[in-house]
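Here the structure comes first, spelled out in structure tokens, and everything after it is commentary.
Any read-out appearing in this document is the output of simple, stated calculations on the displayed coordinates, not a laboratory observation. A quick note: this is a predicted structure, and the numbers were derived from the prediction, not measured. When we count neighbours, we look across all protein chains shown, and the Cβ atoms used for this are built from the backbone with ideal geometry, even at glycine.
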Amino acid sequence: MKRDLHFLWHNHPMAHSVVVIGGGPAGLMSAEILIQHGVKVDVYDSMASLGRKFLMAGRGGLNLTHSEPFDQFASRYGDRRNKIEPMLGSFGPDELREWAGRLGIETFVGTSGRVFPIEMKSSPLLRAWLKRLTDAGVIFHLNHKWLGWNVDRSLKFETPEGEKSIQADVVILALGGGSWAKLGSDGAWVNWLDQAGVEIKPLKPANCGFDVAWSPHFRERFDGQPLKSVALSFGGFHRQGEFIVTKDGVQGSLIYAASAFIRDEIEAKGGAIITLDMSPDRSEEWLVEKLSKPRGSRSMASHLEKTVGLKGVKVGLLHEFMPKEDFVNVEKLASFIKRMPIPLIAPRPLDEAISSAGGVAFEALDENLMIRNLPGVFCAGEMLDWEAPTGGYLLTACFASGRAAAAGVLKWLTDGVSPV
């Protein structure tokens, strides 16, 4: 028989305690929903301050969400769309902007459709949010690293004062993925859940760079150089943008956008070749016409810049991958400019990635984000098995899943289930 939830919350507001482990967007959003419904909430985080990765994500301007139509927005979650879309239906981009507005953080839509706070920074939003949560009664415990469960099912934490054991009626795990370990997302939770029999998909780098076997000369000459106004093709992916050459390979927004496809290809076949159009606004015929003009005493580099505007790292790529004898053949030269093959060897390490794929399998969870074989334990955020490109999609789904997990907890308590 269900309890009268109204009676429970309004006459015994702290009758239940919920422990949230992880003080990022997903965990804090779970805490906010629960405290609003009179549930006692304690948030534990391994770091000395909250929202470390959230603050880092906002260093170049906090991309909170995206303004594109909802159907297109939902499509960004790929084969996990069917799992993420219902959460976004309850708390999507519009609701996120309204929520930020209630914190006093006004937002605007940039030219790319991305949504940013007017101040561009993440710290004002986080400060206002933490104040609201503290004022509402959420209790924060910092420098508490979760170490799994004790035999009696109590939670085990490593703290500066030694190990501590905590009892809780319900637990929400919002521990992040496996990237940026120095900010708290180290993926250590995989061991504890694996030991508990929870199905975990291997953590993989997402929105990541890739290794390329550059020649020593190219590596030294072009490390850190941007490749602007190029179009990248890989399988069915085709997009114009920019990225950066590094001493190890390539990274940047255009690479990140295709990274899931490239990573999976490398995993399946041991390597992947992307194709780069270094003059996307010009036809191959136009290039042939311009390059056919007499070079005279000009160097090839000067000729390429003078006739088709190609210089710097783009010319460097031609020398890196194009046979030397083909430079005198304008048709082949134009073809390479339009279809430059760049072989990628491997993704950069997980800890360098912006986010991670893999995590707790949705098959291990019920419709309320509760782990099926650990009743009363819920999951939210990046530790779930989903991925999305940059552009506000990652943050939006973390916020939305935090709310969904809290809703699942409230339903669990409403149904009168015995505590964990």
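Fully extending the segment from SER233 to THR111, taken as 0.36 nm per residue of separation minus the present Cα-Cα distance, adds 41.6 nm.
Straight-line reach from LYS156: taking Cα to Cα under 23 Å and skipping same-chain neighbours fewer than 8 places apart, the lysines in range are LYS40, LYS145, LYS164, LYS182.
Extension gain for the segment ALA188 to LYS156, taken as residue separation times 0.36 nm less the Cα-Cα distance, is 10.2 nm to one decimal. Residues whose amide H falls under 5 Å from that of ALA357, counting only those 5 or more places apart or on a different chain, are LYS204, ALA206, with hydrogens built in the peptide plane.
Counting every other Cβ atom within 10 Å of each residue's Cβ, ARG80, ARG348, ARG59 order from fewest to most as ARG59, ARG80, ARG348.
According to the calculation over all Cα-Cα pairs in the range 210-344, the P(r) per 5 Å bin from zero is 2, 10, 20, 23, 19, 14, 7, 3, 1, 0 %. Evaluated with a Cβ-only charge set (Lys, Arg +1; Asp, Glu -1), the range 210-344 carries a dipole of roughly 500 debye about its Cα centre, given to the nearest 20. Over the chain, the ratio between the Cα radius of gyration and 2.2 N^0.38 Å evaluates to 1.15. Mean sequence separation of contacting Cα pairs (under 8 Å, at least six apart), scaled by the length of the range 210-344, corresponds to a relative contact order of 28 percent. Toward the positive end of the charge dipole of the range 146-274, with +1 on the Cβ of Lys and Arg and -1 on the Cβ of Asp and Glu, the farthest Cα among TRP146, ALA174, ILE273 is that of ILE273. Quick check on the range 105-189: what does the Kirkwood estimate of hydrodynamic radius come out to from the alpha carbon pairs, in Å? One decimal place: 16.1 Å for the Kirkwood radius.
Using Cα centres only, tell me the gap between the range 335-395 and the range 12-77 in whole Å. One Cα centre to the other: 17 Å. Each peptide in 386-392, 306-312, 185-191 gets a packing score, the mean of other Cβ atoms within 10 Å over its residues, and the list from highest to lowest is 386-392, 185-191, 306-312.
The antiparallel fraction among DSSP beta bridges confined to the chain stands at about 70%.
For the chain, the Cβ-based charge dipole about the Cα centre amounts to some 1060 debye (Lys, Arg positive; Asp, Glu negative; other atoms uncharged). Residues considered: TRP192, TRP180, TRP286. Largest GNM mean-square fluctuation over the chain, using C-alpha springs under 10 Å, is found at TRP286.
Each of SER302, LEU96, VAL360 was scored by the projection of its Cα onto the charge dipole of the chain, and the greatest displacement toward the positive side belongs to SER302; charges sit on the C-beta of Lys, Arg, Asp and Glu.
Think of the range 210-344 as a dipole: +1 on every Lys or Arg Cβ, -1 on every Asp or Glu Cβ, centred on the Cα centre; then among TRP286, ALA213, PHE237, TRP286 lies furthest on the positive end. Annotation: amide H of LEU344 within the under-5 Å range of ALA272, ILE273, ILE274, sequence separation 5 or more or interchain, hydrogens built in the peptide plane. Listed values for the range 240-245 are Karplus-derived 3J(HN,Hα) couplings in whole Hz (6.51 cos²θ - 1.76 cosθ + 1.60, θ = phi - 60°), namely 9, x, 8, 8, 10, 7, and x replaces Gly and Pro.
Using just its DSSP H runs of length 4 or more, each adding -39500 (n - 2.57), the chain gives a mean residue ellipticity at 222 nm of -11000 deg cm²/dmol after division by all residues.
Residue order for ASP351, ASP194, fewest other beta carbons within 10 angstrom first, comes to ASP194, ASP351. Cβ crowding within 10 Å, taken as a proxy for footprinting-reagent exposure, orders SER17, SER154 from fewest neighbours to most as SER154, SER17.
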